[in-house]
1. Being aliphatic (A, V, I, L, M) and touching a residue at least 40 places away in the same chain (Cβ under 8 Å) is the filter; apply it to the range 82-97 and report the residue that is farthest from THR49 (Cα to Cα).
2. Under 9 Å between Cβ atoms, which residue pairs at least 6 apart in sequence (or on different chains) link something in the range 69-81 that is in contact (Cβ under 8 Å) with a residue 24 or more places away in the chain with a partner that is among the small types (Gly, Ala, Ser) and not in a helix (DSSP H, G or I)?
3. Considering every residue within the range 82-92, establish whether at least one is in contact with a helix residue (DSSP H, G or I) (Cβ under 6 Å, 6 or more places away or on another chain), polar (S, T, N, Q), open to solvent by less than 50 Å² (accessible area, probe 1.4 Å) and within 15 Å of ASN32 (Cα to Cα).
4. Considering only residues of the range 47-87 that are more than 16 Å from ILE97 (Cβ to Cβ) and part of a strand (DSSP E or B), which is farthest from the chain's Cα centre (by Cα)?
Amino acid sequence: MPELPSSPPNIRVTARAAGTAIVPREFRGMTNFVFEPPLRLAREVTVRTLEDAAEFARTYVGPRLPHRRDRLVRRLEETSDDASARIAARAFRAWAIAEGLLAEES
């Protein structure tokens, strides 16, 4: 049986339903959403953009609900328009509150 070529490094391929595009995470662009006012989180962290939010959630150690955090990161990474950006931003803020991370809003 012939060997199938492997995926290029750093590109995650997932199966999708017929007719849907497979877009590697590295090529998806987050919208230019900006938190107004910026969110102040515990540990002297300020979150201004969805990219900041995704990076914080992705690297946060010890979430109370790890599956919720993982879904949140996917939602943040997959924003494609203003509406999905606003929804993702609200989800991040709700997650930060549930985790006890929201220090104050500046």
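1. At the first step, the residues of the range 82-97 found to be aliphatic (A, V, I, L, M) are 83, 85, 87-89, 91, 94, 96-97.
Checking the rest, the ones that are also touching a residue at least 40 places away in the same chain (Cβ under 8 Å) come to 85, 88-89, 96.
Numbers: ALA85: 10, ALA88: 11, ALA89: 9, ALA96: 14 Å.
Going through the qualifying residues, I end up with ALA96.
2. THR79/GLY29; SER80/GLY29
3. no
4. ARG48
The values are calculated or read from the model by the stated rules, or taken from the named source; none is laboratory data. Only a predicted model underlies this, so the values are computations on that prediction, with no experimental measurement involved. Glycine also receives a Cβ, built like all others from the backbone with ideal geometry; neighbour counts cover every protein chain displayed. The protein model used for the area step is the full one, side chains on, heavy atoms only, and it has no ligands, DNA or RNA in it. Shrake-Rupley method; radii C 1.70, N 1.55, O 1.52, S 1.80 Å.
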